[in-house]
1. On a 0 to 90° scale, report how tilted helix 275-303 is relative to the longest principal axis of the chain, with both axes built from alpha carbons and the result rounded to the nearest 10.
2. In terms of the ratio Rg/(2.2 N^0.38 Å) built on C-alpha atoms, what value belongs to the chain?
3. Please compute the per residue accessible area over the chain with all protein chains in place, 1.4 Å probe, rounded to a whole number of Å².
4. Kindly express, to the nearest 10 degrees and within the range 0 to 90, the angle between helix 65-79's C-alpha long axis and the longest C-alpha principal axis of the chain.
5. If you plug each phi of segment 128-145 into the Karplus form 6.51 cos²θ - 1.76 cosθ + 1.60 with θ = phi - 60°, what whole-Hz ³J(HN,Hα) values come out, in order, with x for Gly and Pro?
6. About the Cα centre of segment 164-263, what is the dipole size in debye to 20, counting +1 per Lys and Arg Cβ and -1 per Asp and Glu Cβ, all else neutral?
7. Give a residue-ordered list of calculated ³J(HN,Hα) values for segment 202-211 (Karplus: 6.51 cos²θ - 1.76 cosθ + 1.60, θ = phi - 60°; whole Hz; x for Gly, Pro).
8. Which length gain, in nm to one decimal place, applies between residue 173 and residue 144 when the Cα-Cα distance is subtracted from 0.36 nm times their residue separation?
Amino acid sequence: MDIQLSERQLQVQGVAREFAESVLAPAAQRWDVEGGFPRENLAEAAKRGLTAIAVSKALGGLEAGSLAYSLAVTEMAKACASSTVALCVNNMVAEVVEAFGTPEQRELHVPKLCNFEHVVGAFALSEPGAGSDPGGMRTKAIKTDKGWLINGSKLWITSGTDAGLFIVWAKTSDAPGARGISTFLVPGDTPGVQPGKPEHKMGLHGSTTTALDFTDVEVGDEALLGETDKGFRAAMMALDGGRIGIASQALGVGLAALDLAVAYVREHADLARSQAVQWRLADIATDLEAGRLLALQAAWRKENKMQFSREASMAKLFCSEKSVQACNRALEVIGEFGNDAAAKVEQLFRDVRVTMIYEGTSEVQRIVISRDIARRFGEQA
Ligand SMILES: Cc1cc2nc3c(=O)[nH]c(=O)nc-3n(C[C@H](O)[C@H](O)[C@H](O)COP(=O)(O)OP(=O)(O)OC[C@H]3O[C@@H](n4cnc5c(N)ncnc54)[C@H](O)[C@@H]3O)c2cc1C
């Protein structure tokens, strides 16, 4: 792996840092208290191209690649994990439409995902009883003369309240499990699409997560993304790329916790002299550096068109678990008398926990990694 960062990658990282510091950070605590959908933040992100970092320029993206994407997500998540997850999903949706869409689908939707016309894209895969195992989904799409009729319910959909475009997975045949699933592009204002109320969550209050009902939703043949009955592959490919984003998001939150702990210790000479405190900081920094390298490795492999599923899962597993631990350790260092710093780390701790759950729980990442180890046993990496 060669991760000497290019001027372009550093420039995109710099744009994300400026956006994080000037737009996201000043309002992050307000979003945590008041909650809601981060519309203003997403509009500002779109002005800077952060809605579609790896998408081609011809379709309105930055065409800066997966490494730049990972770097940018980490910068944004240092300031506000909530807006960052909405942006991660939007980037993922734009990449999936670019990868699997017909020229007409690409031209119709991708520029609108880049320039805020769709406001944001959402990824509607999970259902009650079909989270870790999407093959168990019950949402159905039936072929009609005019196109497709979709009925069913999704759950936990990020940005479900405001998304202008949903990528929706539905069963299109009676084949068991993951076979017989197809992918559809469904605009948010299609009659019969009904988001529920935002869920009350432990963290990420500045991002909405909703159930999503489909009642006799009619879409044309042009809504089908990719081939009939072969949508599961698109979902898994999307999640492989998405996991680089979530690893990078978790890493950003962990780094923010480390920064707060270090700043606090520098102001308290007794803590700075304590070896127990010094070692906690050393452990956090070492874990996050290892996580950073795993995330960059997965992004580098994706960018260089190599297999990266195992590496993306490793990065997601490691970065999410170590960043949760980093927030926990930072809380221990700052302690209950940390006041403002303690309050900020408490928010980070609540925000980061879900990175161990969405886009595949830690257990699911271990399944992906162990299957790939068995499959690639004996091969050169
Ligand atoms: C804030 C938030 C945002 C989300 N955003 C989206 C979104 O935008 N789009 C979307 O489609 N989904 C979204 N999700 C859903 C998320 O991807 C699922 O919650 C996740 O995949 C886990 O599914 P589940 O909740 O049904 O848990 P389950 O699958 O019921 O799992 C419960 C527990 O069992 C474990 N488990 C399950 N199967 C196995 C196994 N085979 N071996 C070992 N352990 C196992 C899991 O690791 C977990 O600990 C979101 C979730 C949250 C919390």
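The values are calculated or read from the model by the stated rules, or taken from the named source; none is laboratory data. This is a predicted model, so every value here is computed, not measured. FYI the Cβ positions are ideal-geometry reconstructions off the backbone, even for glycines, and counts take in every protein chain you see. Heads up: the accessible areas ignore ligands, DNA and RNA and are worked out on the full protein's heavy atoms, side chains in. Shrake-Rupley method; radii C 1.70, N 1.55, O 1.52, S 1.80 Å.
1. Around 30 degrees separate the two axes.
2. Taking the Cα Rg and dividing by 2.2 N^0.38 Å, one obtains 0.98.
3. Ligands and nucleic acids excluded, the result is 44 Å² per residue.
4. Between helix and principal axis, roughly 60 degrees.
5. Karplus-based 3J(HN,Hα) across segment 128-145 equals x, x, 9, x, 5, 10, x, x, x, 5, 10, 4, 10, 10, 10, 6, 10, 5 Hz.
6. Values: 7 positive and 12 negative charges, 94 e Å.
It works out to roughly 440 debye.
7. So the J values, rounded to whole Hz, are 5, x, 6, 5, x, 8, 9, 9, 9, 6.
8. Full extension from residue 173 to residue 144 adds 9.1 nm.
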